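To start, the structure itself, in structure tokens.
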Amino acid sequence: MPTTQEIDLNELSAERGGSQPLRGYLARPSQEEHGSGPWPGVVVVHEIFGLDEQARQHTERLAAAGYLALAVDLFSAGGARRCLVSTMRALNRGEGRPFTDIGTGREWLSRSPDQAGGIGVIGFCLGGGFALLTAAGHDFDAASVNYGFPPKDLDARVEGACPVVASYGGRDRPLRGAAAALDTALTGAGVVHDVKEYPDAGHSFLNSAPNGPRMLRPLFRVAGIGPDPIAADDAWRRIETFFHANLGGDT
């Protein structure tokens with residue numbers, strides 16, 4: 001089993017002009033299964049609901065696959081209520097403090113004696129959008145984009161991007177056509193990629209359980225938002241295979 005701990009990123013964040021405070025959740029691979037390290041690293045960017053149990057499970061799953069995984073809490077400075085709007089605005093602009101905070105996570109991993117090899121980024125929903133926009137110009141070696149909204153200037157944003165693996169649900173109505181558009185843009189930019197749409201899956205299909213406000217979960221179910229174990233198993237297999245090819249680590 002991976003070992004986990006809460007990480008204080010305040011000092012490094014202050015050096016970089018990022019959020020104060022800034023917190024993270026770290027999961028280390030099991031030494032019994034993956035040796036004593038060092039291991040390749042992955043920065044995990046959470047959904048719109050913040051660094052919740054599902055985000056922690058995703059982080060632990062990556063550690064179980066042999067990666068030093070650090071989830072950065074983009075809502076550290078005040079929770080979702082205070083930080084969501086500014087975070088969404090930064091995503092729409094393609095710049096701002098959340099990008100600095102994600103970069104702080106990458107820098108923390110690069111300075112860790114437990115990290116060696118490539119460093120990737122993975123995001124879900126809101127985090128998927130950030131993973132896509134940090135694939136170019138942010139020193140990542142691979143990016144996993146999961147039901148992330150593509151920017152309007154998609155072609156320009158993927159120029160010079162690191163290798164990208166992306167997964168979308170065919171029943172995710174707001175993102176209809178996003179997988180095809182991303183595949184076309186990455187092909188045009190000559191970026192190594194693996195983009196797949198799962199016809200029967202909806203938004204947040206990689207989660208193992210429903211999340212978000214409990215009062216809204218019945219509406220989410222009606223909208224097809226939530227776990228799809230069959231699609232999730234295949235998507236995780238692709239992500240782990242892609243990361244192994246581009247970041248290194250165990251097969």
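Of all residues in region 12-33, exactly one satisfies the criterion of being touching an Asp or Glu at 6+ places or on another chain (Cβ under 6 Å), small (Gly, Ala, Ser) and not in a loop (DSSP other than H, G, I, E, B), namely Ala27. The residue list Ser86, Ser36 contains one member that is open to solvent by 50 Å² or more (accessible area, probe 1.4 Å), in a loop (DSSP other than H, G, I, E, B) and either farther than 30 Å from Lys152 by Cβ or free of Cβ contacts under 8 Å to residues at least 40 places away in the same chain (or both), which is Ser36.
Set side by side, the residues Glu53, Glu11, Glu32, Glu15 differ, and just one is closer than 18 Å to Gly249 by Cα and of a type outside the set (Lys, Arg), which is Glu32. Among the residues examined, Gly224 does not qualify as modelled with pLDDT of 95 or more, of a type outside the set (A, V, I, L, M, F, W, C) and over 20 Å from the mean Cα position of the chain (by Cα).
Listed by position, the strands (runs of 3 or more DSSP E) inside region 133-202 whose residues that are open to solvent by 30 Å² or more (accessible area, probe 1.4 Å) and either in contact (Cβ under 8 Å) with a residue 60 or more places away in the chain or of a type outside the set (Lys, Arg) (or both) number at least 2 are 193-198.
Scanning region 40-54 for residues being surrounded by fewer than 24 Cβ atoms within 10 Å (Cβ to Cβ), in contact with a His (Cβ under 9 Å, 6 or more places away or on another chain) and within 20 Å of Asp233 (Cβ to Cβ) gives a total of 1. Restricting Gly128, Gly66, Gly137 to those that are within 23 Å of Thr3 (Cα to Cα) and either modelled with pLDDT of 95 or more or of a type in the set (D, E, K, R) (or both) reduces the list to Gly66. Residue pairs whose Cβ atoms lie under 8 Å apart, sitting 6 or more positions apart in sequence or on different chains, and linking a residue in region 106-120 that is under 14 Å from Val72 (Cβ atoms) to a partner that is buried (at least 19 other Cβ atoms within 10 Å of the Cβ) and among the aromatic types (Phe, Trp, Tyr), are Arg106/Phe140; Ile119/Phe140; Gly120/Tyr67; Gly120/Phe140; Gly120/Phe243.
The values are calculated or read from the model by the stated rules, or taken from the named source; none is laboratory data. It should be emphasised that the depicted structure is a prediction, and the values quoted were computed from it without experimental measurement. Don't worry about glycine lacking a Cβ; one is built from the backbone with ideal geometry, like all the others, and counts go over all protein chains shown. Accessible surface areas use protein heavy atoms only, side chains included; no ligands, DNA or RNA. Shrake-Rupley method; radii C 1.70, N 1.55, O 1.52, S 1.80 Å.
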